[in-house]
Amino acid sequence: VKPAEKKAPARPLYESEVLVERLGDVWFPVEVQIRFEDGETVTETWDGRDLWRRYRYLRPAQLLSAEVDPSRKILLDVNFANNSRSRQPETGAAVKWTVRWLGWLQHLLETFAFFV
């Protein structure tokens with residue numbers, strides 16, 4: 001008689017959804033790179049003909065980010081800022097620009113105070 005094997009607790013599965021949308025009238029085949037928390041990367045190819053495309057995944061790791069055209073092959077893209085989204089927003093750029101604008105404002109007020 002074999003001893004009963006203990007089953008390892010099953011890892012939870014996460015359902016992730018990525019919705020890619022074409023904003024202009026021109027369509028191109030494009031790559032969509034999807035990253036998960038466990039380091040796995042999935043690259044999908046979207047023909048771009050439809051206005052949008054939905055990708056769904058059922059995996060043991062949560063979705064981390066999605067990026068359209070990660071290698072920047074489409075040269076007609078005028079706004080690279082809308083090509084990616086992450087589950088947790090990155091605040092580094094906002095903090096950098098806020099500090100810069102507050103520095104300029106401080107110098108402006110000091111200059112104004114000098115003349116008053």
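The values are calculated or read from the model by the stated rules, or taken from the named source; none is laboratory data. Source: prediction; values computed, not measured. Note: ideal-geometry Cβ built from the backbone for every residue, glycine included; neighbour counts use all protein chains shown. What goes into the accessible areas is simple: the full protein's heavy atoms, side chains included, and nothing from ligands, DNA or RNA. Shrake-Rupley method; radii C 1.70, N 1.55, O 1.52, S 1.80 Å.
Just a few scattered comments:
- Index of the failed condition, D25 passing every other in (1) crowded, with 16+ Cβ neighbours inside 10 Å; (2) over 13 Å from the mean Cα position of the chain (by Cα): (1)
- Scanning region 50-72 for residues that are touching a residue at least 24 places away in the same chain (Cβ under 8 Å) and among the basic types (K, R) turns up R53, R54, R56, R59.
- Matching residues, region 47-73, being of a type in the set (S, T, Y) and closer than 17 Å to E37 by Cβ: Y55, Y57, S65
- The set of residues from region 58-73 being among the hydroxyl-bearing types (S, T, Y) and surrounded by 16 or more Cβ atoms within 10 Å (Cβ to Cβ) comprises just one member, S65.
- Hits in region 74-116 - residues which are acidic (D, E) and farther than 30 Å from E37 by Cβ: E110
- Within region 85-99, the set of residues being open to solvent by 100 Å² or more (accessible area, probe 1.4 Å) and over 30 Å from Q62 (Cα atoms) comprises just one member, W97.
- Scanning region 32-84 for residues that are outside any strand (DSSP E or B) and within 30 Å of A10 (Cα to Cα) returns E37, D38, G39, E40, P60, A61, Q62.
- Of the residues making up region 47-57, those that are over 17 Å from L23 (Cβ atoms) and open to solvent by less than 80 Å² (accessible area, probe 1.4 Å) are Y55, Y57.
- Yes/no for P9 being over 15 Å from the mean Cα position of the chain (by Cα), of a type outside the set (A, V, I, L, M, F, W, C), surrounded by 11 or more Cβ atoms within 10 Å (Cβ to Cβ) and modelled with pLDDT under 95: no
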